[in-house]
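Notes for the one structure printed next.
The values are calculated or read from the model by the stated rules, or taken from the named source; none is laboratory data. Here the structure is a predicted model, which means the values were calculated and not measured. Cβ: placed from backbone, ideal geometry, glycine included. Neighbour counts: every protein chain shown. Accessible surface areas use protein heavy atoms only, side chains included; no ligands, DNA or RNA. Shrake-Rupley method; radii C 1.70, N 1.55, O 1.52, S 1.80 Å.
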Amino acid sequence: MINFALPKGRLGDKAYGLLQKAGYSCAEYDESSRKLIFTDTSTGVSLFWVKPTDVSVYVEEGAADVGFIGKDILDEYRPDVYELLDMNMGKCRMCVAAKKGFRDDTSHPLKVATKFPNSATSYFQSKGREVQIIKLNGSIELAPVLGLSDVIFDIVETGTTLRENNLEVIDEAFQISMRLIANKASYKFKRQDIQLLTERLRAVIQ
């Protein structure tokens, strides 16, 4: 059996669609059901759905052999797992954005509002810029508009929300997409099965 941790929501549904195409379907799976675990002994698949930010925890701790997770979460939490494959879906960008016309005053620390304090800290350290991180859980775009921060460090998909709030991207930190990750012990003991899974998914993606 291979135990899969999938993120609840649209991307998890898409990931399961790719698993089906790759030959890892689960006959008892019912998307309308409130069940969280589905198992199919004929295909050797056990699926369970968790909060997206928890996928890495389940995989790192060995409750799941493999999982599907966004690069943004991987970069923020840095779990001790293997990153096996870029699933080429759920694409967006982690960016620095500010009010239009913003000019950085390097005489004081840059105030950065973000949901991703670890990623933001690492990014600005790589730029040699001293920052004051302001951790927020939502409505990040409000921070520079109301003077709480100088810039934001956040995920940008279409940029519509930024434009509607008179903000613009001033730098791109990294590209985001869904990744296939594996527990290190599982990869050692189920190497052949997990490698086959990876190759089948790669073929489906291509």
Scanning segment 31-57 for residues that are of a type in the set (Ser, Thr, Tyr) and over 19 Å from Ser177 (Cα atoms), the one most open to solvent (accessible area, probe 1.4 Å) turns out to be Thr41
Contact list please: Cβ distance under 9 Å, first residue in segment 98-123 and of a type in the set (S, T, N, Q) and at pLDDT 95 or above, second residue open to solvent by 50 Å² or more (accessible area, probe 1.4 Å) and part of a loop (DSSP other than H, G, I, E, B), pairs at least six apart or on different chains. Asn118/Arg78
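Going by what's in this entry, would Ala64 be described as in a loop (DSSP other than H, G, I, E, B) and open to solvent by less than 20 Å² (accessible area, probe 1.4 Å)?
Values: in a loop (DSSP other than H, G, I, E, B): yes; open to solvent by less than 20 Å² (accessible area, probe 1.4 Å): yes.
Yes, satisfied.
Could you tell me whether segment 160-171 includes any residue that is touching a Lys or Arg at 6+ places or on another chain (Cβ under 9 Å) and closer than 19 Å to Ser56 by Cβ?
No, that holds for no residue.
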Inside segment 153-206, can you point out the residues that are open to solvent by less than 40 Å² (accessible area, probe 1.4 Å), polar (S, T, N, Q) and not in a loop (DSSP other than H, G, I, E, B)? Ser186, Thr198
Which pairs do you get when a residue that is polar (S, T, N, Q), found in segment 14-28, comes within reach of a residue that is outside any helix (DSSP H, G or I), reach meaning Cβ atoms under 8 angstrom, with the pair 6+ apart or on two chains? Ser25/Asp40; Ser25/Thr43; Ser25/Val45
Residue hits (segment 10-39; in a loop (DSSP other than H, G, I, E, B), touching a strand residue (DSSP E or B) at 6+ places or on another chain (Cβ under 7 Å) and closer than 23 Å to Gly70 by Cβ) are Tyr24, Cys26, Tyr29, Leu36
The residue from Leu85, Leu47 that alone is closer than 23 Å to Gln192 by Cβ, touching a strand residue (DSSP E or B) at 6+ places or on another chain (Cβ under 6 Å), aliphatic (A, V, I, L, M) and modelled with pLDDT under 95 is Leu47
